[in-house]
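A.B. asks: Before we start, here is the structure in question, set down as structure tokens.
The values are calculated or read from the model by the stated rules, or taken from the named source; none is laboratory data. As the structure is a prediction and not an experimental result, all values here were calculated from the model. Using ideal geometry, Cβ is built from the backbone for each residue, glycine included, and neighbour counts are taken over all protein chains shown. In case anyone asks, the SASA skips ligands and DNA or RNA and just uses the protein heavy atoms, side chains included. Shrake-Rupley method; radii C 1.70, N 1.55, O 1.52, S 1.80 Å.
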There are 2 protein chains.
Amino acid sequence: MYAGGMDAPNMGLRELKKRQTRENISNHATRLFLERGFDAVTIAQVAAAAQVAKMTVTNYFARKEDLALDLHDVFVDLPAGTVRDREPGESALAALRRAYLAGIAERNPIIGFSGPEFARMITDSPALVARLREFHDDREKALAVVLAEETGAEPDDIRPRVAAAQLAAIHRLLFDETLRRTLDGHDNDEIARIVDGYARVAFGALEPALGDYAVR
Amino acid sequence: MYAGGMDAPNMGLRELKKRQTRENISNHATRLFLERGFDAVTIAQVAAAAQVAKMTVTNYFARKEDLALDLHDVFVDLPAGTVRDREPGESALAALRRAYLAGIAERNPIIGFSGPEFARMITDSPALVARLREFHDDREKALAVVLAEETGAEPDDIRPRVAAAQLAAIHRLLFDETLRRTLDGHDNDEIARIVDGYARVAFGALEPALGDYAVR
DNA sequence: ACCTAAATTTAGGTCGGACCTATCGATGTG
DNA sequence: CACATCGATAGGTCCGACCTAAATTTAGGT
């Protein structure tokens, strides 16, 4: 019988069960966190809800924060991938602005349109806020690597790191702003309208510095 | 008898003892952290070394990280204060660049010239790295507040936050770079030379965007 | 179908940081 | 000089992170 899921056609039973176990734990954890708040739920309670041993939870998720923010790689690789896949003739700045405005238009949860419950869960927990900072940090570093590659910069050239820092700073700011307004009870359409304007101002401010940087 | 220290002339015996206790704990903690590493030292060991109860340590320092990084306020207020005290006719960008280059010239520990032992202590400890990220975050927020005040911006004006994000991003980057090179064993003079060049590139990149922003 | 090696889960523990309450002791004020 | 106040202390709970050994499940070969 065909054993593959929609994620990976050739998957053994072992790998399949691992995915199910991970999903099962993550789903119970997310539900509990949204219901009671991240800090009010213990790993033991997650394990009990998912009906696995406490140790199984910590085997799959090295830190408790990863139970709530299980999207490190996609978050981190987003701007780096956007630059890597930019159109010919397009600058890194233009590609990132284009992708961000598109993300706003589609209300992409990963740039902050995650709903009030999720936003509340994060901001109420110092541990999650700290983990999110780490995400942003890793994201800036990934972007710097791509910019260095794409411009053929020498290892000691600070310019790709400066550009990455400025661009990542905008992403951070717009993300925070989206989250903040979500918490304040605004609906997504209103937030999208405002943040769209903010994004144009913010990316526009970098135009003179980065308009012709890393053009493919 | 005159009871004041050099910090506060009118201090009761109670307050004096509090300062001594705090200093005593902090000194023993710093010594132990540099000797054995932050994570390898427990609060109980700090308490034993300082000959106080464990609870006294946690009374003075809410988090263990604060035992090693007892400079939150001065770190956070540095750029905000620089902008607030800038010369007439000077932009926020010019003031921050001037202050940063001066900091490099005097090898100011607070911008990263802290010596290899201290740098090692920080980078070896995820908890301290995370706390440092929080410092940078608070610093950006403080700077944004000052820029909003100084430009008379409306609450919904994103520009002071964009400017603060870009300027704080440079501070972050240059701090990390100074720390990284300190860890790599370079001496302060060499680092100062290199980071000075980096600072000119980084602040210079913002000149077209911020050259005439927040001029006093 | 069986058997073995490898991978995964489990149980039961240690350790340290954060927090709590009640109490003791010193201070400086009335 | 008495006492209200504030800091320090003892002894505890709770939880996340981590460890080891053992039990269970799977994969692949015979």
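A.B. asks: Shape of the protein assembly as shown from its Cα gyration tensor (a ≥ b ≥ c, root eigenvalues): rounded if a/c is under 1.5, otherwise prolate when a/b > b/c, or oblate? Don't skip to the end; give the middle numbers.
C.D. replies: Numbers: a/c = 1.65, a/b = 1.11, b/c = 1.49.
Oblate, since a/c reaches 1.5 and b/c is not below a/b.
A.B. asks: Also, quick follow-up: For the pairing of chain A with chain B, what total accessible surface becomes buried, with a 1.4 angstrom probe, in square angstrom to the nearest 100?
C.D. replies: That pair of chains buries around 2300 Å² in total.
A.B. asks: Another question, if that's okay. At a Förster distance of 45 Å, what's the computed FRET efficiency of A:Asn188 paired with B:Thr30, Cβ-Cβ distance as r, to 0.05?
C.D. replies: FRET efficiency, A:Asn188 to B:Thr30: 0.40.
A.B. asks: In nm to one decimal, list the spacings between the A:Lys54 label point and its equivalents in the other copies, with label points set 7 Å along Cα to Cβ, shortest first.
C.D. replies: 1.8
A.B. asks: Still on this model: For the full complex of protein chains and a 1.4 angstrom probe, list A:Asp66, A:Asp187 by accessible area with the highest value first.
C.D. replies: Correct descending sequence by accessible area is A:Asp187, A:Asp66.
A.B. asks: Okay, moving on. Run the helix sum for chain A: -39,500 (n - 2.57) per DSSP H stretch of 4+ residues, divided by residue count, reported at 222 nm to the nearest 500 deg cm²/dmol.
C.D. replies: Value at 222 nm, helices only: -22500 deg cm²/dmol.
A.B. asks: Using the heavy atoms of the protein chains and a 1.4 angstrom probe, tell me the accessible area per residue for the protein assembly as shown in square angstrom.
C.D. replies: Working: 21230 Å² over 432 residues.
For the protein assembly as shown, the per-residue accessible area is 49 Å².
A.B. asks: Can you list the distances in nanometres, one decimal and ascending, from the B:Asp196 label point to the identical position in each other copy, with the point 7 Å along Cα to Cβ?
C.D. replies: Copy-to-copy label distances at B:Asp196, shortest first: 4.9 nm.
A.B. asks: Using only Cα atoms and rounding to the nearest 10 degrees, what angle (0 to 90) does helix A:13-36 make with the longest principal axis of chain A?
C.D. replies: The helix A:13-36 is inclined about 80 degrees to chain A.
A.B. asks: With axes computed from alpha carbons, what is the tilt in degrees of helix B:92-105 against the longest principal axis of chain B, rounded to the nearest 10 within 0 to 90?
C.D. replies: Taking Cα atoms only, the helix is inclined about 50 degrees.
A.B. asks: If I model a spin label at A:Gln45 and A:Asp66 as a point 7 Å from the Cα along the Cα→Cβ vector, what separation in nanometres do I get?
C.D. replies: 2.2
A.B. asks: Something else: For peptide B:201-212, compute the average count of partner chain beta-carbon atoms within 10 Å of each residue's beta-carbon.
C.D. replies: Mean shielding by partner chains, rounded to a whole number: 4.
A.B. asks: Which value, in Å² and to the nearest 10, is the accessible area of A:Thr56 when all protein chains are kept and the probe is 1.4 Å?
C.D. replies: Looks like 40 Å² after rounding.
A.B. asks: Return the subset of A:Lys18/A:Lys141; B:Lys17/B:Lys54; A:Lys18/A:Lys54; B:Lys18/B:Lys54 for which the Cα-Cα distance in this structure is over 22 Å, preserving the input order.
C.D. replies: Violating the 22 Å limit, Cα to Cα: A:Lys18/A:Lys141.
A.B. asks: Along Cα-to-Cβ, 7 Å out, sits the label point; list in nm, shortest first, how far the one on B:Thr151 is from those in the other copies.
C.D. replies: Sorted ascending, the copy-to-copy spacings read 2.4 nm.
A.B. asks: Now a separate question. I'd like the carbon and sulfur percentage of the solvent accessible area for chain B, probe radius 1.4 Å, heavy atoms only, ligands and nucleic acids excluded. It would help to have the intermediate numbers written out before the result.
C.D. replies: Values: 5550 of 10590 Å².
Carbon and sulfur: 52 percent of the exposed surface of chain B.
A.B. asks: Return one number: the angle in degrees, 0 to 90 and rounded to the nearest 10, between the long axis of the Cα atoms of helix B:188-205 and the longest principal axis of the Cα atoms of chain B.
C.D. replies: 40
A.B. asks: How about segment B:136-176: which of its residues lose at least 20 Å² of accessible area in the presence of all protein chains relative to their chain isolated, using a 1.4 Å probe?
C.D. replies: Relative to the lone chain, where solvent access is computed with a 1.4 Å probe, segment B:136-176 loses at least 20 Å² at B:Asp137, B:Asp156, B:Ile158, B:Arg161, B:Val162, B:Ala165, B:Gln166, B:Ala169, B:Arg172, B:Leu173.
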